[in-house]
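K.L.:
This is the structure I have questions about; it appears just below.
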Amino acid sequence: MSALWPVLWPLLTATVMGLLWRHPVWHRWIGVGACFAHVFIAVHLMGEANGRGPVVTTLGGWKPPFGIVFVADRLGAAMVLVTAVIGFAIALSSVRGIDARREAFGYHPLVQTLLGGVCGAFLTGDFFNLYVWFEVMLVSSFVLLALGGERRQMAGALHYVSYNLVASATFLIGMGTLYGSIGTLNMADVAQRLPQANPAVAAVVVGLLTVAFGVKAAVFPLFTWLPASYHTPPTLVSALFAGLLTKVGVYALIRTTTLLGPDSAPWLPGVLVVVAVLSMGFGVLGAVAQDDFRRVLSLHIVSQIGYMLFGLALMTPLALAGAVYYVLHHILVKTNLFLIGGLAKRMCGTERLAGMGGLYRRSPGLSLLFLVPALSLAGLPPLSGFWAKLFVVRAGIEADAWAGVAVALACGLLTLFSMLKLWNEAFWKPAPQEPTEPLWTARRKWMAVPVALLAIGTVGFGLFAGPLFAFSERVAEELLRPETYVQAVLGGSK
Amino acid sequence: MLGPLWRSGLPDGGMLAVLGVGFLLSVLAPFVVRAAGPKGFAWLAAYPAGVFAWGLAAPSEVTAFPWAAGVEVALRLDGLSRLFVLLVSGLGALILVYASGYFKPRPNLGRFAGAFIGFMASMLGLVLADDAILLFVFWELTSVTSYLLIGFDHESPSARASAQQAFLVTAAGGLAMLAGFVVLHSETGTFRFSEMGFVVPEALMGAPALLLIVAGCATKSAQFPFHFWLPNAMAAPTPVSAFLHSATMVKAGVYLLARLKPTMESVTLWSPLLMGLGAATALVALALLAYHHDAKKLLAYTTMGALGALVFLLGQPDRYALQAFVALVTAHALYKGALFLTAGSLDKATGTRDVFAWSGLGRAMPWTAFGGALAAGSALGLVGTLGFIGKEYALKVGGAPAGWIVTAAFALGAGLVASRVGILPFVGGRREAKAIEVPWAMWLGPVVLGVAGIGLALSVGLWGAGLFDEVGASLRGRPVDWTWKPFFGFDRVFAASLLLAGLGFWLGWRIRPLGSTPPTMGLDRSWHRAVAALPGWAAKATSWLAPVGSVTGAAAGGRLRDGLAGLFSVVTVVVATGLASSGPIRFAVPFVWPGVFEAMLVVLAGATAVAVVFAPRRVSAICMLGIVGTGVALIFLTHGAPDLALTQLLAELLVIVIAVLVFYRLPKFRSLSSGWVRVRDATIALGFGTVMALLLLAVQSSPPQADVAAGLAARSVPEAYGRNVVNTILVDFRALDTLGEATVLVVAAIGVLALMRLRMEDAA
């Protein structure tokens, strides 16, 4: 199977929707159907990548390094699979969760182009092509963020696009430097040649890529665009972003660090540890300071990204496997929390915590659905977040990274504090004003379906942590032997 | 002797079934209680009753299969876990029956039942787990369920605060404990308790592991100075307090210490740490008792005292200390559970929990009085009770007077509360005329537990060698042969025991609370103050990070500017550091004098760039920027890149046209930055430009290693059938990039359309 399918499929879907521009109601079901098929495409690709090793697709028959190459190794395929799952959940929610005016201005096709961009970023084996997918992602997300033109949306979108454009420019400068000094853009080729390049230039290239991806991943101190924008669009859009976008940055960091880091930038892990620890700390402190449902959740993204980077920075098999497991778990949990936040907002009429309340008494179902991802995020067993933290913390202890471990544990406690705060305010506390309308309209019931599916996924992630972790270990093994990646792409030839 | 009974051979996997049924039932329990009302609790009691029977009959066994990353679902039934299974399930059954009489029908009761059964299953899992991480899983599950149960009355702010406090304190300890398990794993190479062997005294990480694990045990088992959550947890309904916060969950820490004793007592710190912790807890608990008249608070502090005494006993290597531990764990669970239930019944009957308001109720509530008195006897440590046996062994422990002091502190506290809750309410003059006996479901528990406390003591010679010696084997790590007797003769120890019982009773009878504000509850106040201050403090710590601290929104453009300045600084520093990282760079770019035309372009573009900065109006600024761009395009042209020059020119033109159109609608140009901000921005801009120039020179200093460009040029005509290599790159070699960029354009067009046409706020 061509590794291009997961990218082409959403772009094709978007095109079909574009042809039916005047029938946005059709977009809904086309979206659900296409996303469902997308999951199958991703599963199929995953099967191949896991069974037979990296799936390499050269475009237009141009052998690397002359053409663009797509590479689905285990990491890429797994990321695509989770993306497809999240895409499906969002598409399902979008059937009834988005207002008609936004639909008329292309909400559904924009989601598809966004998914295409994300999958492209996960699969491409070419740095410049990665830049292109970043652009597709950026412009789709920007339009989704601004779609609706509410005042606070515009303010958020301005922050978002400004930071991300500078990040893209940084990435582009890095690409220019790379192409100017070693004359190739194919990732595998770069991995092979960068060690022989001028070390100063190599350091600049890796440094620029790290900064650019760091902005995308929202790490300390480059994360400020995230809390400035994620709470502004409709919650479905926030949920989509929260699950996927920062993780593309994390993915790119994992890819470059493992591919280029060991030979060309031995200093990188040290830097990443510091960044990781500060991200964990400042993210969680920022979250604790908030009193708005979505803002609390937004800042926790930063903190959780810190855990993933901590695993990446340690670079041991266990740590890297932990980081991979962390990324996969977090995508499900975070998307779900935002979706639940959206439901809670509809039910309470506000997402300011002071104005929320009474949900536990009035809706046991939603309460239970919230507890699963919230406690998972806080790392309580046997949910997925517990295993993610356990793997990373254990790797930290085995690597004697005591300061990092201490911060990770303390931040775990603060995360619990902040989840309990959400629970106390929105669920346990009596509502300041008793709403008169029924809680569960047909629309909300529909929107709870993907929430329930994702919650089941989270529980499954915890209960079947064994096989999933074994898979993460195989991913880590692959990442720690970049020769295999290079070999798969370039074959025997240099 | 019950020996033959538990070799009767139940099928394997009994432990898995016990837990599986428990968790399944916790899901079903809400429906049972919703259908049957409070009576449903009595139906649910069938589960723990079954587990109790299983605990009596099941053989000692181990079941294990792998879960994830070296963690196993390993369950083990040995003496220690059997004792706790029996206590948890036995008490659980009686307390569920009690709950069926205690609760009035009310909403949320179903969810309460679910959490209660969930807790029970978690607690059983905790004591059956043979894998440290699995134990941690159940450990945290008991915290979660306890949180939900304490917060049963969730619309009251104090119940919410108490639930949160209990959860956070125990979770903090739990996290330390988790780290401790991982450290212990690095010493012993396994997470399985039964395979750990023992930590050699000279092991480097022995003491840190112990400290971390004890932190977990101390928070869970309310040891000083982490005890403050326990009295607050009494916000929960009585069945919860009786089950979780006296008989079972708070003993989890003690259980774990007992479980790890064979492994970790070889660490030098073991004895001093545990004895110090236990002694401090027991003494503080006794002191705090003197300040309260609320029955549940009093019971909470004696629980704390008992837990301190148990930890203290575990710190000693002495055989009698272990015998005392085994007997006291059992005795305490029985009598404390009974006293709690009695207090709950009295509360129900009289409407108050003030122990001094209860008097002369014996005639009205005979069964409750009977159960309460039997339990009080065991708590006082009268002859013929389990409490007596435990106290006797505790006093037999040789050596330091510290042991006597701790035992005395514990015994006096227990005696005080026993008399106040179990005896004095039922004697003397009657004050509450309306009080009547509670339903049978509510007196059954105290009576059964009270009778058990005496019956088991009198028959200890029969079964002690079976059950208790098996527990001893778990504590020792090897088989033991202890003697168990209900009575030890009239000696000094007996005299001391009797004296303590008398003194304890007298204290309960005579002493009035010293005041309403206990001195060391400052810990609780500090906690609440810290929790309240945390958000503000966190906001202060993060406020310097541009818009994070802002609650009102990310409106301020100034902040965006600051953020971007930061981002550019980061990029500048990264490039500069990278360039300087491998010593001084050698720039090997040959200097070529520019032609006249080119020189003119450079001067023009450069001068205009400087002028842009000082432009008075937007339109002039953008026009000058256009001149800079055009100049650069022309420089491209002089170097033989017409395509590039053309693209650049087009882009410049479009930007100027659009920008001018937009500017037309903008408000007047104003300068909003202060002087030093301008200096800062100028510095960043110049720094950024300088490092970029240096980077370009560094890149140009050596030719590219691989010449993909040349390769593409060579392939362009023969393979891609195009003479213009830029075109073949765009539409053939790298056509996918073009597809992506085309997508970007279409999406951007949608975005522009939406931005111009769609205004949700206008619609509203």
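The values are calculated or read from the model by the stated rules, or taken from the named source; none is laboratory data. Quick caveat, the model's predicted, so the values are computed rather than measured. Glycine also receives a Cβ, built like all others from the backbone with ideal geometry; neighbour counts cover every protein chain displayed. These accessible areas exclude ligands, DNA and RNA; they are computed on the full protein's heavy atoms, side chains included. Shrake-Rupley method; radii C 1.70, N 1.55, O 1.52, S 1.80 Å.
K.L.:
Rounded to the nearest 100 Å², what's the accessible area chains B and A bury against each other, both chains counted, probe 1.4 Å?
P.N.:
Values: alone 36520 and 17930 Å², together 44840 Å².
Buried: approximately 9600 Å² between A and B.
K.L.:
Along the charge dipole of segment A:1-142, Cβ charges K/R +1 and D/E -1, which of A:L110, A:A42, A:P65 sits furthest on the positive end?
P.N.:
A:L110
K.L.:
Right, here's the next one. Among B:P317, B:A285, B:G384, whose Cα projects farthest towards the positive end of the dipole of segment B:250-389, with charges put on the beta-carbon of Lys, Arg (+1) and Asp, Glu (-1)?
P.N.:
Of the candidates, B:G384 comes out farthest on the positive side.
K.L.:
A further question on this structure: Rounded to the nearest 10 degrees, what's the angle between the helix A:293-314 long axis and the longest principal axis of chain A, both from Cα atoms, 0 to 90?
P.N.:
30 degrees
K.L.:
Right, another one. Can you give the net charge of the other residues whose Cβ lies under 13 Å from the Cβ of B:L307, counting K and R as +1 and D and E as -1?
P.N.:
+3
K.L.:
At a threshold of 8 angstrom on Cα-Cα distance, excluding pairs fewer than six apart, so keeping six or more, what relative contact order does segment B:66-180 reach in percent?
P.N.:
Relative contact order for segment B:66-180 comes out at 26 percent.
K.L.:
Something else now. Once you sort the root eigenvalues of the Cα gyration tensor of chain B as a ≥ b ≥ c, which label holds: rounded (a/c under 1.5), prolate (a/b larger than b/c) or oblate (the other case)?
P.N.:
prolate
K.L.:
Please get the size of the charge dipole for chain A, origin at its Cα centre, with Cβ charges of +1 on Lys and Arg and -1 on Asp and Glu, quoted in debye to the nearest 20.
P.N.:
With only Lys, Arg, Asp and Glu charged at Cβ, the dipole is about 1120 debye.
K.L.:
Can you give the FRET efficiency to the nearest 0.05 for B:S569 and B:V731, using r as the Cβ-Cβ distance and R₀ = 35 Å?
P.N.:
Numbers: r = 40 Å, r/R0 = 1.14.
For R0 = 35 Å, the calculated efficiency reads 0.30.
K.L.:
Right, another one. Distance cut-off 19 Å, Cα to Cα: go down the list A:K389/B:K261; B:K336/B:K391; B:K104/B:K251 and report the pairs above it.
P.N.:
A:K389/B:K261; B:K104/B:K251
K.L.:
Just to be sure I understand the model, the point goes 7 Å from the Cα along the line to the Cβ. What's the resulting B:A402 to B:S673 distance in nm?
P.N.:
Result: 6.6 nm between the two label points.
K.L.:
Taking R0 as 41 Å, what FRET efficiency do you get between A:L453 and B:A611 from their Cβ-Cβ distance, rounded to the nearest 0.05?
P.N.:
Calculated transfer efficiency: 0.10.
K.L.:
Would you mind calculating the relative contact order of chain B from Cα pairs under 8 angstrom and at least 6 residues apart, reporting the percent as a whole number? Show your work: numbers first, answer last.
P.N.:
Working: 1148 pairs, mean separation 74.9, N = 764.
It comes to 10 percent, rounded to a whole number.
K.L.:
Here is a further query. Nearest 20 debye, what's the magnitude of the dipole of segment B:622-764 about its Cα centre given +1 on Lys and Arg Cβ and -1 on Asp and Glu Cβ?
P.N.:
Its charge dipole is roughly 600 debye.
K.L.:
Something else: Looking at the square roots a ≥ b ≥ c of the eigenvalues of the Cα gyration tensor of segment B:587-680, which shape do they give, rounded for a/c under 1.5, prolate if a/b is larger than b/c, or oblate?
P.N.:
Oblate is the answer for segment B:587-680, as a/c is 1.5 or above yet b/c matches or exceeds a/b.
K.L.:
What order, most packed first, do the peptides A:180-190, A:293-303 have when packing is the mean number of other Cβ atoms within 10 Å of each residue? Walk me through the numbers on the way to the answer.
P.N.:
Working: A:180-190: 24.4, A:293-303: 27.1.
In decreasing order of mean packing, A:180-190, A:293-303 become A:293-303, A:180-190.
K.L.:
Test of the criteria: in segment B:577-631, which chymotrypsin sites (Phe, Trp or Tyr not before Pro) are in a DSSP loop and have at most 12 other Cβ atoms within 10 angstrom of their Cβ?
P.N.:
B:F587, B:F591, B:F614
K.L.:
As a check on your grasp of the helix formula, calculate [θ] at 222 nm for chain A: sum -39500 (n - 2.57) over DSSP H runs of n ≥ 4, divide by the residue count, round to the nearest 500.
P.N.:
On the way: 21 runs with 380 residues, N = 494.
Rounded to the nearest 500, it is -26000 deg cm²/dmol.
K.L.:
Now for a separate question. Work out the charge dipole of segment B:426-494 with +1 on the Cβ of Lys and Arg and -1 on the Cβ of Asp and Glu about the Cα centre, then indicate which of B:P439, B:F490, B:V451 is farthest towards its positive end.
P.N.:
It is B:P439.
K.L.:
Using the Cβ atoms and a cut-off under 12 Å, what net charge is assigned to the surroundings of A:H27, where Lys and Arg are +1 and Asp and Glu are -1?
P.N.:
Neighbour charge sum, excluding A:H27 itself: +2.
K.L.:
Among B:371-379, A:62-70, A:191-199, how do they line up from the highest to the lowest mean number of other beta-carbon atoms within 10 Å?
P.N.:
The most tightly packed comes first, giving B:371-379, A:62-70, A:191-199.
K.L.:
Just to confirm a number: summing +1 for Lys and Arg and -1 for Asp and Glu over residues other than B:R678 whose beta-carbon lies under 15 angstrom from that of B:R678, what do you get?
P.N.:
For residues surrounding B:R678, the net value is +1.
K.L.:
Extending each Cα 7 Å along its Cβ direction at A:V25 and A:R474, get the distance between those two points in nm, one decimal.
P.N.:
In this crude spin-label approximation the distance works out to 4.6 nm.
K.L.:
What is segment B:235-312 by shape, rounded, prolate or oblate, if you read a ≥ b ≥ c off the alpha carbon gyration tensor as root eigenvalues and call it rounded for a/c under 1.5, prolate for a/b larger than b/c, and oblate otherwise?
P.N.:
Since a/c reaches 1.5 but b/c is at least a/b, the shape of segment B:235-312 is classed as oblate.
K.L.:
May I ask you to list the chymotrypsin sites (Phe, Trp or Tyr not before Pro) in segment B:665-764 that are in a DSSP loop and have at most 10 other Cβ atoms within 10 Å of their Cβ?
P.N.:
Filter output for segment B:665-764: B:Y721.
K.L.:
Between segment A:322-338 and segment A:353-377, how far is it from one alpha carbon centroid to the other, in angstrom?
P.N.:
Centre-to-centre distance over Cα atoms comes out at 19 Å.
K.L.:
Using only the alpha-carbon atoms, how far is helix B:14-36 inclined from the longest principal axis of chain B? Give it as 0 to 90 degrees, nearest 10.
P.N.:
Once rounded, the angle reads 90 degrees.
K.L.:
Ignoring ligands, DNA and RNA, what percent of the accessible area of the protein assembly as shown is carbon or sulfur (1.4 Å)?
P.N.:
69 percent
K.L.:
Now a separate question. Hey, got the average number of other protein chain Cβ atoms within 10 angstrom for residues in A:10-16? Display every interim value, and only then the final one.
P.N.:
Details: counts 0, 4, 0, 0, 3, 2, 0.
Mean shielding count: 1.
K.L.:
Would you please state which residues of segment A:136-159 a label at B:L753 would reach in this model, taking the label point 7 Å out along Cα→Cβ and a backbone N cut-off of under 18 Å?
P.N.:
It comes to A:139-149, nothing else.
K.L.:
Another question, then. With charges set only on the Cβ (+1 for Lys and Arg, -1 for Asp and Glu), what does the dipole of segment B:148-251 come to about its Cα centre, in debye to the nearest 20?
P.N.:
Value, rounded to 20: 140 debye.
K.L.:
May I pose another question? Identify the trypsin sites (Lys or Arg not before Pro) of segment B:293-383 meeting these criteria: DSSP loop state and at most 15 other C-beta atoms within 10 Å of the C-beta.
P.N.:
B:R363
K.L.:
Please give the contour-minus-distance gain from B:A713 to B:I658: 0.36 nm per residue of separation, less the Cα-Cα distance, rounded to one decimal in nm.
P.N.:
Additional length available on full extension: 16.2 nm.
K.L.:
What does the accessible area per residue of chain B come to in Å², with a 1.4 Å probe and no ligands, DNA or RNA counted?
P.N.:
Each residue of chain B exposes 41 Å² on average to a 1.4 Å probe.
K.L.:
Segment B:378-427 to segment B:293-320: how many Å between their Cα centroids?
P.N.:
10 Å
K.L.:
Oh, and also: Round to a whole angstrom and tell me the spacing of the C-alpha centers of segment B:431-501 and segment A:424-490.
P.N.:
Measuring centre to centre over Cα atoms gives 50 Å.
K.L.:
If I fit a long axis through the Cα atoms of helix B:596-613 and take the longest principal axis of the Cα atoms of chain B, what angle between them do I get, 0 to 90°, rounded to 10?
P.N.:
With both axes taken from Cα atoms, the answer is about 40 degrees.
K.L.:
Another question about this same structure. Give me the extension gain from B:S620 to B:V603: residue separation times 0.36 nm, minus the current Cα-Cα distance, reported in nm with one decimal.
P.N.:
So the extension gain works out to 4.2 nm.
K.L.:
Let me ask something additional. Could you compute the FRET efficiency for B:K348 and B:W440, with r as their C-beta to C-beta distance and R0 at 22 Å, rounded to 0.05?
P.N.:
0.95
K.L.:
Is any residue of segment A:239-264 close enough, with backbone N under 18 Å, to a label point placed 7 angstrom from the Cα of A:T484 along the Cα-Cβ axis, and if so, which?
P.N.:
Within reach of a label on A:T484, which here means backbone N under 18 Å from a point 7 Å along Cα→Cβ, segment A:239-264 contributes A:254-262.
K.L.:
Right, next: State, to one decimal in nm, how far the label point of B:R363 lies from the label point of B:R431, with both points 7 Å from Cα in the Cβ direction.
P.N.:
1.8 nm
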